[in-house]
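Bear in mind these aren't lab numbers, they're just calculated from the coordinates by the rules spelled out. Remember, predicted model here, so these are calculated numbers, not experimental data. Cβ placement follows ideal geometry from the backbone for every residue including glycine, while neighbour counts extend to all protein chains displayed.
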């Protein structure tokens, strides 16, 4: 009896209403976060004819992969219309390839040039370094929308409208956030490594390429992940510059698919199927490497 009473006292002491409320709020936030994705998946799994049969249900009425096959181009236009879909199709694989190329070019170039700029601000000594870095970081306060018109005029004058280089150009070089993020890490690298490389006859770029970059793999990967998410979700600039089908990214393609309604109403099931397919690559990236991003941001002092 004494042992049982002691165990009950331990259980009572270990129980805390604060923890219970915290976990309850966390569960509610998780449900609120996941619910839009589940509604999108539920819509994608519904047939066009059964979508509005029971709209209040959280489960699809007649679960099917028909819309995913339709988004991937595995269903003919006649079969799509016969099943209740719209007469509009989306060349998902073509737009996926364009988005991958668009994202890869931005990630590779922006990570490399940002690393070089960050290394210069962290290690090289030149007149006005701190002042230049201050003004460079001030660009973080400038809204991106302010730069769209001058950038568009420049791209138009260069004849780069509806080309991949025109879409990539504004994002190709370094960004203030990327430079600041990498500079924080480079400041923590022991100077003895660079001094040893200098004694061995390495040039400043050789030290950067052979010493600094290999030991900075974690923040570089983190920056690449963050940049890839931003590039993958970019909409307004590709919408302005890359309207042709050959250079159309997924975000623009989904918007055009939604607005084209041959049968009078948006094709919600096909749109949600294509949208869910477009989410999968970034979702996998964050699930696999999300912890690394958080740890690297905490190390650099970002909150």
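Worth a mention:
- Cα point-scatterer Debye curve for segment 178-279, base-10 log of I(q)/I(0) at q = 0.15 Å⁻¹: -0.75
- Burial ranking of peptide ranges 230-239, 35-44 (average Cβ count within 10 Å, highest at the top): 230-239, 35-44
- Placing dummy labels 7 Å off each Cα toward the beta-carbon, the span from residue 93 to residue 29 is 4.2 nm.
- Descending principal axes extents, segment 97-259, alpha-carbon based, whole Å: 61, 32, 25
- Expressed in units of 2.2 N^0.38 Å, where N is the residue count, the Cα radius of gyration of segment 161-207 is 1.77.
- Principal axis dimensions, largest first and in whole angstrom, of segment 177-236 by Cα: 49, 18, 16
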